[in-house]
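Following: one structure in structure tokens, then a few remarks.
The values are calculated or read from the model by the stated rules, or taken from the named source; none is laboratory data. Keep in mind it's a predicted model, so treat the numbers as computed, not measured. Cβ sites come from the backbone with ideal geometry, for glycine too, and all protein chains shown count toward neighbours.
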Amino acid sequence: MKAVAVFPEERALRLVDHREPAILAPGDVVVRVLEVGFCGTDREIAAYRMGAPPPDSPYLVLGHEAVGEVVEVGSSVRRIRPGDLVVPTVRRPCRRETCRACRMGRPDFCLSGEYTQRGIKEAHGFLAERFSDDARWLQPVPRELREVAVLTQPLSIAETAIAELEQVQKRLPWAALGETGGAGKRALVLGAGPVALLGAMALVVRGYKVTVYSHAGRGDKAEFAESIGAQFVTAD
């Protein structure tokens, strides 16, 4: 099976013959990759400035943003079936029994720092023909979202920030009374990169009056922000 991998010690990036994925446990799923996204993290890894291969491998298969089609499932998998579209999550739990977060299935709050990340830290990514994973770390995607499903992982970053924002807002005394001072819900998004614009979209959907501020001048990003109902302000 072909995959694209980085060799940090050799400072090389090339196509490799990677082992075929297989069902090794009842909860495993094999997925055929349909699309992989790239971001600044991938560029850093490809420039040998970050990223770590698995301990038993000289290379790291790239890709942590992906969407694929299920081709095989283990005997205990019920939530996902062959033919379903899925998006994989990135972070996997550490093995420390004392890490309460990972034992509760929330490796994003890992206390030991010994988590792995597919395509980033000590676990192969998805820039291959196929991959396998535990069904717990795969999110089903409706067919009608096929064209945008690869954006799920970067969108999750913005959604995490918004969830934290809403938790903080609940502490405001006037928010508890349902009061907004007549201004309605307003949000300022600093920057106009992909994650920022995804965040702006999520905020607009939630009913916020959104302003996107960017150092860059007007262009495609400004047009996009305004097309979703946000205001675009530039430093130029």
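Hey, could you check the stretch 130-155 for residues that are surrounded by 19 or more Cβ atoms within 10 Å (Cβ to Cβ) and of a type in the set (Gly, Ala, Ser) and say which is nearest to Val205 (Cα to Cα)?
So, considering only residues that are surrounded by 19 or more Cβ atoms within 10 Å (Cβ to Cβ) and of a type in the set (Gly, Ala, Ser), the one nearest to Val205 (Cα to Cα) is Ala149.
Assigned by TED's automatic domain parsing to the domain that holds Gln117, farther than 19 Å from Ser156 by Cβ, among the aliphatic types (A, V, I, L, M) and not in a helix (DSSP H, G or I), is that true of Ala25?
On the way: assigned by TED's automatic domain parsing to the domain that holds Gln117: yes; farther than 19 Å from Ser156 by Cβ: yes; among the aliphatic types (A, V, I, L, M): yes; not in a helix (DSSP H, G or I): yes.
Judged against the criteria, Ala25 is a match.
Anything in the stretch 1-24 that is surrounded by 13 or more Cβ atoms within 10 Å (Cβ to Cβ) and over 15 Å from Arg118 (Cβ atoms)? List them, or say none. I'd like the intermediate steps shown before the answer.
Step one: of the stretch 1-24, the residues surrounded by 13 or more Cβ atoms within 10 Å (Cβ to Cβ) are 3-8, 13, 16, 18, 21, 23.
Listed by number, the residues that qualify are Phe7, Pro8, Leu13, Val16, Ile23.
Restricting to the stretch 120-153, and then to whatever is of a type in the set (A, V, I, L, M, F, W, C) and in a loop (DSSP other than H, G, I, E, B), can you tell me which residue is modelled with the lowest pLDDT?
Taking the stretch 120-153 and keeping what is of a type in the set (A, V, I, L, M, F, W, C), we get 120, 123, 126-128, 131, 135, 137-138, 141, 145, 148-151.
Next, only the ones that are in a loop (DSSP other than H, G, I, E, B) stay: 120, 126-127, 148.
Working: Ile120: 97, Phe126: 98, Leu127: 97, Val148: 93.
So, considering only residues that are of a type in the set (A, V, I, L, M, F, W, C) and in a loop (DSSP other than H, G, I, E, B), the one modelled with the lowest pLDDT is Val148.
Out of Glu97, Glu35, Glu69, I need the residue that is farther than 13 Å from Asp133 by Cβ, surrounded by fewer than 19 Cβ atoms within 10 Å (Cβ to Cβ) and out of contact with any strand residue (DSSP E or B) (no Cβ under 6 Å at 6 or more places or on another chain). Which one? Explain how you work it out, then say what you get.
Working: Glu35 fails: out of contact with any strand residue (DSSP E or B) (no Cβ under 6 Å at 6 or more places or on another chain); Glu69 fails: out of contact with any strand residue (DSSP E or B) (no Cβ under 6 Å at 6 or more places or on another chain).
Exactly one residue qualifies, and that residue is Glu97.
Which of the following residues is out of contact with any Gly (no Cβ under 8 Å at 6 or more places or on another chain) and either within 14 Å of Pro54 (Cβ to Cβ) or not assigned by TED's automatic domain parsing to the domain that holds Asp28 (or both): Glu122, Glu129? First the steps, then the outcome.
On the way: Glu129 fails: either within 14 Å of Pro54 (Cβ to Cβ) or not assigned by TED's automatic domain parsing to the domain that holds Asp28 (or both).
Exactly one residue qualifies, and that residue is Glu122.
Could you tell me whether the stretch 196-217 includes any residue that is modelled with pLDDT of 85 or more, surrounded by fewer than 12 Cβ atoms within 10 Å (Cβ to Cβ) and either in contact with a Gly (Cβ under 7 Å, 6 or more places away or on another chain) or of a type in the set (A, V, I, L, M, F, W, C) (or both)?
For the stretch 196-217, residues modelled with pLDDT of 85 or more, surrounded by fewer than 12 Cβ atoms within 10 Å (Cβ to Cβ) and either in contact with a Gly (Cβ under 7 Å, 6 or more places away or on another chain) or of a type in the set (A, V, I, L, M, F, W, C) (or both): present.
Give the residues of the stretch 159-194 that are modelled with pLDDT under 85, surrounded by 10 or more Cβ atoms within 10 Å (Cβ to Cβ) and part of a loop (DSSP other than H, G, I, E, B), sorted by residue number.
Passing the criteria: Leu172, Glu179, Thr180, Lys185.
Evaluate the following for Asp56: is it acidic (Asp, Glu) and assigned to a loop (DSSP other than H, G, I, E, B)?
Details: acidic (Asp, Glu): yes; assigned to a loop (DSSP other than H, G, I, E, B): yes.
For Asp56, the condition - acidic (Asp, Glu) and assigned to a loop (DSSP other than H, G, I, E, B) - is met.
Being more than 19 Å from Glu122 (Cβ to Cβ) and among the β-branched types (Val, Ile, Thr), is that true of even one residue in the stretch 15-29?
Looking for residues that are more than 19 Å from Glu122 (Cβ to Cβ) and among the β-branched types (Val, Ile, Thr), one finds at least one in the stretch 15-29, hence yes.
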